[in-house]
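Can you read through this structure? Questions will come right after.
No lab work stands behind these numbers, since they all come straight from the coordinates. Please read these numbers as outputs of a predicted model, since none were measured by experiment. No Cβ is skipped: glycine too gets one built from the backbone with ideal geometry, and neighbour counts run over all protein chains shown.
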Amino acid sequence: MLQVNHLCTSFFTDKGEVRAVDDVSLEVPAGKIVGIVGESGCGKSMTARSVMGLVRAPGKIKSGEILLDGRDIVRLSEHERCAIRGSEISMIFQEPMTSLNPVVRVGHQVEEALLLHEHVKKQEAEARAVEIFEAVGIPDAKKRLRSYPHQLSGGLRQRVLIAMAMICRPKLLIADEPTTALDVTVEAQILRLMKKLCGSGTSILLISHNLGVIAQVCDYVYVMYAGRIVEQADTFTLFDNPCHPYTKGLLDSVSSLRSGAQVLDTIPGVVPNLLHLPAGCSFSMRCGCCMEKCADLLPELHETEPGHRVRCHLFDKEEPA
Amino acid sequence: MVRNILSRLLQAVCVLLGVALLIFIMLRIVPGNPIATLMGEHADRAVIERMTAELGLDQPILRQFIRYLADALRGDFGTSYSLGKPVAALMGAAFGNTLKLAVLAALFAWILGITSGVIAAVRKNGLLDHLFMGASLLGVSMPVFMVAMLLQYVFAYHLHWLPIAGVSSWKGFILPAVALGWNSAGSVARLVRSTLLEILEEDYIDTARAKGRGQLGVLVLHALRNAMLPVITMMAVQFSSLLSGAVITESVFSINGIGRLAVQGISGRDIPLLQGTVLFSTLVVILGNFLADCLYSVLDPRVRKEG
Ligand SMILES: Nc1ncnc2c1ncn2[C@@H]1O[C@H](COP(=O)(O)OP(=O)(O)OP(=O)(O)O)[C@@H](O)[C@H]1O
Ligand SMILES: [Mg+2]
């Protein structure tokens, strides 16, 4: 369905090149929910934007291919991309408060994609909008179509954005932290909605820094750190048998939250500046099991068991001499 | 909404009254008797005094003011000392020219300003951007009389394309309109560019693009509509200042408009004429601001109060 191979997206700033996405390969099979998890600034949103073709200057896709049903969409013209955006792939952005046009009624904004791609009549578009509003749990759907964004709460706006992304029944939905702005009950509803959507044939790439959310809905998970994938596995394996020290750290900080520990178990240190990454493993400065070679030699993504890959020297296979 | 408008209207009336009173007082406390100026150096003292009394200029200022207001409400702004005609009639005749000039200047300024601002924003840091922004810098920094005289020199004196002054035909309005609109075009272009650039950074622009809107669609349907909010406010204020009398432009191109009447009023110490023109300008500016507010609230749902 979606296959990303060796994607590199960089920002070319005055201070140098910021490798926001560095050699990322991932796959979203049809009808599955795939998660990307990682700390703030690790490049999750940039990965998503690269897939959408919406990286803003000075950012640029440097290399790699993005295959949608086997077709490389990086090389498409802007015009061809527009035809895909919103109809075949759509995206829910991270910020519900600012992602809606303040001077256009939400109904119109939701219908826009439909009118654009399917050339339906205004009346039919409106009917479909009501339908989708009800599906995402917006009460008083008909009346709400006529609201302006500032009249809606954050939760409602996020649902409007979700409705907007889903109205053309895209093959792939990229959801960038769709529930971060919402309270837990609404979050649960939205996640249920995503599962339902997935059941009806849409593949979803779900981005989150919340492992709980990932655990609830994803089939397969990629863990990102400083622009690179450091571990990937199906959800059960990842939570059952995390290999990368970073993943372990993430899981520990969640479980210490669960158990109500007084002192929160956090990963020591901060995310490194993407301008000055070490030559080797970018997690090496914070890693508890850092070895000598870690700082200088970038580990490969090793397959430790089928479908489970880790980028860490702890799992280097002994080279047969 | 209606309540909002009414309260604004009330404010406007108060401002107008205040300004009227201020002008009234200022014109009367400046030293020198206007009647003496009018009659010349060798006039008889007795005659001057009789005239002053006849015109009511010896009465207390407040009483004069109230009488003036009462007359003004009936459309009577007094009789011009220097031209000997009713001020209302003089202004009525001049208003046509001023209106035509202002409308043409505004159209010129806005069409040029908006298009070049949009192009500059879309081609940020490109050749056209630098070109337009350079030109607009000239636009905002060149004084009107200089633009006017340059235009006269090039298009009238040198090329003979357009008349150098006077408005006997519509052609006569072109140069003054360009001269008058030049400044406004520059400031509109700069405002359009900066607002548009800011708005193109907004998250909802990404949302629109993610829906599959092309560049043009995003620009027109999502960005421009938001970018126009501050621009429209600026345009309404600009228009009222264009309309309130282009003193310099009308003088340079000898157009009989409100601005020139005001000049006449000043040089002739013609109190009724000056009073009338200044009051008119105040009214126009207040109306312009009022209109800008109304427009803004129609265009921006966040300001509009529902229900
Ligand atoms: N305009 C820019 N110029 C330079 N670097 C940028 C720019 N925009 C983003 N970046 C870099 O790209 C990196 C990845 O950003 P991204 O938005 O993908 O993070 P994220 O994983 O989505 O984080 P969050 O959880 O906060 O949304 C950031 O660390 C930042 O340094
Ligand atoms: Mg993000």
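In whole Å, how far is the Cα centre of the range B:118-137 from that of the range B:174-246?
Centre-to-centre (Cα) distance: 14 Å.
Still on this structure, I have one more. List the residues, sorted by chain then number, that are 5 or more residues from A:G59 or on another chain and whose placed amide H is less than 5 Å from its amide H.
A:F12
Angle, helix A:154-166 long axis vs. longest principal axis of chain A, Cα atoms, 0 to 90°, nearest 10?
The two axes meet at around 90 degrees.
Here's something else I'd like to know. Pick from B:A72, B:A292, B:A46 the residue whose mean-square fluctuation is largest in a GNM of chain B, springs joining Cα atoms under 10 Å.
Taking springs between Cα atoms under 10 Å, the residue moving most is B:A46.
In terms of modelled amide H atoms, which long-range or inter-chain residues lie less than 5 Å from the amide H of A:S147?
Here the answer is A:V106, A:G107, since their amide H atoms fall under 5 Å of that of A:S147.
Let me ask you something else. At B:W161 and A:H119, where each label point lies 7 Å from the Cα along Cα→Cβ, what is the point-to-point distance in nanometres?
A separation of 4.5 nm, rounded to one decimal place.
Here's something else I'd like to know. Anything over 19 Å Cα to Cα? Flag those among A:K171/A:K196; A:K122/A:K143; A:K32/A:K171; A:K122/A:K142; B:K124/B:K211, in the order listed.
Among A:K171/A:K196; A:K122/A:K143; A:K32/A:K171; A:K122/A:K142; B:K124/B:K211, the Cα-Cα distance tops 19 Å for B:K124/B:K211.
Select from A:S45, A:S77, A:S284 the residue whose mean-square fluctuation is largest in a Gaussian network model of chain A (Cα-Cα springs shorter than 10 Å).
Greatest mean-square fluctuation among the candidates belongs to A:S77.
Separate question: At B:L107 and B:E54, where each label point lies 7 Å from the Cα along Cα→Cβ, what is the point-to-point distance in nanometres?
About 4.7 nm separates the two model spin labels.
Note down the nm distance, to one decimal, between modelled labels 7 Å out along Cα→Cβ at A:F239 and at A:M291.
For A:F239 paired with A:M291, the spin-label model returns 3.1 nm.
Mind checking the angle between helix B:127-141 and chain B's longest principal axis? C-alpha axes, 0 to 90 degrees, to the nearest 10.
Rounded to the nearest ten degrees, it is 10.
In terms of Cα to Cα distance under 12 Å, which aspartates and glutamates are near enough to A:K293, apart from those fewer than 8 places away along the same chain?
Cα-Cα hits under 12 Å: A:D316.
Can you find, among A:S153, B:I199, B:I48, the residue sitting farthest towards the positive end of the charge dipole of the protein assembly as shown, where Lys and Arg contribute +1 and Asp and Glu -1 at Cβ?
Value computed over the given set: B:I48.
Apply 1/(1 + (r/R0)^6) to the Cβ-Cβ distance of B:N125 and A:N210, taking R0 = 30 Å, and write down the FRET efficiency to the nearest 0.05.
The computed FRET efficiency comes out at 0.15.
Using +1 at the Cβ of each Lys and Arg and -1 at the Cβ of each Asp and Glu in chain B, identify which of B:S297, B:G139, B:S244 lies farthest towards the dipole's positive end.
Of the listed residues, the answer is B:S297.
Report, to the nearest 10°, how far helix A:184-199 tilts away from the longest principal axis of the Cα atoms in chain A, using its own Cα long axis and a range of 0 to 90°.
90
Return a whole-number percent for the relative contact order of chain A, with Cα pairs under 8 Å and 6 or more residues apart as the contact set.
The normalised contact order for chain A reaches 20 percent.
Is the shape of chain A rounded, prolate or oblate, going by the alpha carbon gyration tensor and its root eigenvalues a ≥ b ≥ c, with a/c under 1.5 for rounded and a/b larger than b/c for prolate?
Taking the square roots of the gyration eigenvalues as a ≥ b ≥ c, chain A is prolate.
Between A:A215, A:A113, A:A57, which gets the highest mean-square fluctuation from a Gaussian network model of chain A, Cα cutoff 10 Å?
A:A57
Hey, what does the equivalent ellipsoid look like for the protein assembly as shown, semi-axes from the Cα gyration tensor as sqrt of 5 times each eigenvalue, largest first, whole Å?
With the √(5λ) rule applied to the protein assembly as shown, the semi-axes are 70, 26, 23 Å.
Quick one: which residues, 5+ away or cross-chain, put their amide H under 5 Å from the amide H of A:M224? H built at 1.01 Å from N.
Distant-sequence amide H within range of A:M224: A:V37, A:G38, A:V230.
Oh, and also: Given R₀ = 56 Å, FRET efficiency for A:S153-B:A36 by Cβ-Cβ distance, to 0.05?
E(calc), rounded to 0.05, equals 0.15.
What is the Cα radius of gyration of chain B over 2.2 N^0.38 Å, N being its residue count?
Computed over Cα atoms of chain B, the ratio equals 1.23.
So, with +1 on the Cβ of K and R and -1 on the Cβ of D and E, and no other charges, what is the size of the charge dipole of chain A about its Cα centre, to the nearest 20 debye?
With Lys and Arg at +1 and Asp and Glu at -1, about 1220 debye.
From other protein chains only, count the Cβ atoms within 10 Å of every residue's Cβ in B:213-219, then give the mean.
3
On to the next question. Among A:I190, A:C168, A:V130, whose Cα lies farthest out toward the positive end of the dipole of chain A, if unit charges sit on the beta carbon of Lys, Arg (+1) and Asp, Glu (-1)?
A:V130
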